[in-house]
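A quick write-up on the structure given underneath.
All of the numbers you see were taken from the coordinates with simple rules; none came from a lab. These numbers come from a predicted model, not from an experiment. As a convention, Cβ positions derive from the backbone with ideal geometry for all residues, glycine included, and neighbour counts pool all protein chains shown.
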Amino acid sequence: MKHIEIPEVQRSLYIPENLMECNGLEYVKICHHLYEFSLGHITYEDFKVRAITELLGYRFHPKKSSKSALENLCLLSSIMEGYFEDYDGAKQIKLDFIDLKIRHIKSFYRKFYSPGEVFQEMIYGQYADASRLFLQYSQTQDEELLYLITAILYLRKKEVYNSNLIEAKASILKSFVSKAEIYGVYLQFAAFQKYITSAEVEWGNQQLDFSIIFDVNEVQTEKIPGLGADAIIFTLAETGVFGTVKQVRKSKFWEVILRMYDLRKRDLDYQNLQNVENK
């Protein structure tokens, strides 16, 4: 957090320096500008100025603002650089958070809830369907897919996930969910994907490297988006541990992924043992 003092109006406030530090309201505000940037509607410099202006609660009028005010705003906008990281010479949104910023989305008479911290309430079917659309969006940037991902991940209380109702539900969400919110949901899922495919996850007293389950290079180049996630369903269905394909899809995500980790770890250990014996 960046502490800022504004003596002229006797105001003191803290500005989040990245998405991890944002609260729910700040996160959605920033996601509005991140979405515009991702589509190429605004430049990187535009994003920085608009985002800091939003967080400061400052009404920016270029023609009415004094020169010193504009200079100060440009200086403060450098805080927004922490929302990005450089990747192959391009600015990429920094996804270093795993806590859900958007806990629910609602209208006057509807309320849909997130899948919980670290997606603990998510079933594997939700993950498989969302990951497939997630990969499609990265290739097409079709806004419709963001509504579908939100419809998959956010459920009403006691709602049982049904993949056949996703399109109808997405149509309902369009009537009251903002673009900033659906893009925020997308970024949450992107951060979660990054977490489970590239980081060591603490589980109990152990550090588990889930990257052994997901071949990132394979997932990025596969012809059928989401096949990696679906392949896990068929692999576990073949073992009979969770039952049929339908039963695997209805099982909790973390139960499925932990079992898959165990199977993959045993397979790798066996391969390593075979390699040692063959030397």
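Observations, loosely collected:
- Cα-based equivalent ellipsoid, the range 80-146: semi-axes from gyration tensor eigenvalues, Å: 25, 17, 14
- Rg(Cα) / (2.2 N^0.38 Å) computed for the range 70-208, rounded to two decimals: 1.17
- Fewest-first ranking of ARG259, ARG249, using other Cβ atoms within 10 Å as the exposure measure: ARG259, ARG249
- Amide H contacts of LEU155 (H built 1.01 Å from N, in plane; Pro and chain starts excluded): TYR113 sit under 5 Å, all sequence-distant by 5 or more or on other chains.
- Under 5 Å from the amide H of TRP203 lie the amide H atoms of LEU208, each residue being 5 or more positions distant or on a separate chain, with H modelled from the backbone and absent for Pro and chain starts.
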